[in-house]
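Every number in this text was worked out from the coordinates using simple rules, so none of it is lab data. These numbers were taken from a predicted model, which means no experiment stands behind them. When we count neighbours, we look across all protein chains shown, and the Cβ atoms used for this are built from the backbone with ideal geometry, even at glycine.
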Amino acid sequence: MQNKLLLRGLLAGALGGLLAFAFARILAEPLIQSAIDYESGRHEAQEALDRAAGITVESHEHELFSRAVQGNLGIGIGMVLFGVAMGLLFAVVYTVLLGRVGRLRARVLAVLVAGGGFLSVYLVPFLKYPANPPAVGAEDTIGARTGTYLVMIIASVLLLVAAVVAGKRLAPRLGNWNATLAAGAGFVVLAALLMALLPSFATEIPGPLTGPDGRVVFPGFPADTLYEFRLYSVLAQAVLWTTIALVFAPLAERVLERGRKVAAAG
């Protein structure tokens with residue numbers, strides 16, 4: 001039965017990744033193109049300033065893949081594969097929790113696991129390190145940003161697991177509602193403390209480019225573009241995890257019901 005649940009998690013994740021890609025392609029891709037256009041214009045302005053100052057300007061490297069390939073095939077494959085990975089992770093957690101968290105219906109458990117996945121894998125790390133479009137973020141801090149983001153994801157998942165375990169152990173003494181509130185409060189406090197301890201890269205958003213005389217020759221990165229890109233990034237992940245829950249839940253219920261019938265017949 002576990003293998004059947006994993007297969008259905010894979011299918012739900014693939015569909016979720018495909019729908020998330022469609023959402024991002026329609027709403028986020030124009031913002032990415034706008035950010036790339038901004039980056040190109042800023043580079044041209046910086047090169048003009050360098051030439052005026054007598055600084056040698058290096059030639060540009062040609063891209064291996066065109067923007068059409070990157071924005072369609074590349075991102076599409078990437079999001080579907082990410083959805084498959086999240087779907088398998090979701091199915092594994094679902095299988096482990098099945099029968100160990102009280103008498104929850106299969107559909108209710110699917111919604112709770114998907115909500116926990118969205119919260120710990122994406123939303124909490126996003127609050128500390130929000131998604132950025134091209135042109136936002138210095139090249140020399142890519143390694144540091146990637147490392148701290150992974151630390152935030154792993155820590156967030158572990159904190160959520162600890163909160164679930166703590167809530168289950170506190171339930172006999174405090175009751176389910178109070179135990180859930182206490183465990184949730186502990187998760188929020190520890191997550192906030194972790195965010196405060198990890199380094200921040202918020203100052204890497206490009207500001208206005210000024211010339212030698214102090215006049216602005218190129219504006220800073222548009223705040224509206226940054227806000228909308230981050231909003232659509234969150235919504236795309238919400239589409240992914242919601243699809244996983246809604247697709248997996250009825251499929252899992254059928255598998256479990258069929259398993260009960262086979263067990264009863266045996």
At q = 0.13, 0.15 1/Å the base-10 log of I(q)/I(0) from the Debye formula over the alpha-carbon atoms of the chain is -0.97, -1.18
Sparse-neighbourhood loop hits (chymotrypsin sites (Phe, Trp or Tyr not before Pro), segment 118-151; DSSP loop; Cβ within 10 Å at most 10 others) -> none
Computed from the beta carbon distance with a Förster radius of 22 Å, FRET efficiency for residue 104 and residue 154 to the nearest 0.05 stands at 0.25
Answer in debye to the nearest 20: the dipole magnitude of segment 158-266 about its Cα centre, from +1 Lys/Arg and -1 Asp/Glu charges placed on Cβ, is 840 debye
Rounded to one decimal in nm, the spacing of the 7 Å Cα→Cβ label points at residue 142 and residue 52 is 3.0 nm
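Give, rounded to the nearest 20 debye, the magnitude of the charge dipole that the chain has about its Cα centre when Lys and Arg contribute +1 at Cβ and Asp and Glu contribute -1 at Cβ.
Rounded to the nearest 20 debye, it is 2420 debye.
Nearest 500 deg cm²/dmol is fine: what mean residue ellipticity at 222 nm does the chain get from its DSSP H runs of n ≥ 4 alone, each adding -39,500 (n - 2.57), divided by its residue count?
Rounded to the nearest 500, it is -25000 deg cm²/dmol.
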Given a Förster distance of 45 Å, the FRET efficiency implied by the Cβ-Cβ spacing of residue 227 and residue 254, rounded to the nearest 0.05, works out to 0.60
Sorted by chain and then number, the residues having a modelled amide H within less than 5 Å of the amide H of residue 218, at least 5 places away or on another chain, are 209
The chain: longest segment with zero exposed GluC sites (Glu not before Pro), where exposed means DSSP loop plus at most 11 other C-beta atoms within 10 Å, is residues 64-266
Taking trypsin sites (Lys or Arg not before Pro) in a DSSP loop with at most 16 other Cβ atoms within 10 angstrom as exposed, one finds the longest site-free stretch of the chain at 106-214
For segment 137-204, using Cα atoms only, the Rg and Dmax in Å read 15.9, 52
Bounding extents of segment 125-260 in its principal axis frame from Cα atoms, largest first in Å, are 76, 35, 25
The answer for the chain, counting only DSSP H helices whose Cα atoms cover 30 angstrom or more along the axis and whose Kyte-Doolittle average is 1.0 or greater, is 2-27, 75-97, 142-174, 176-197
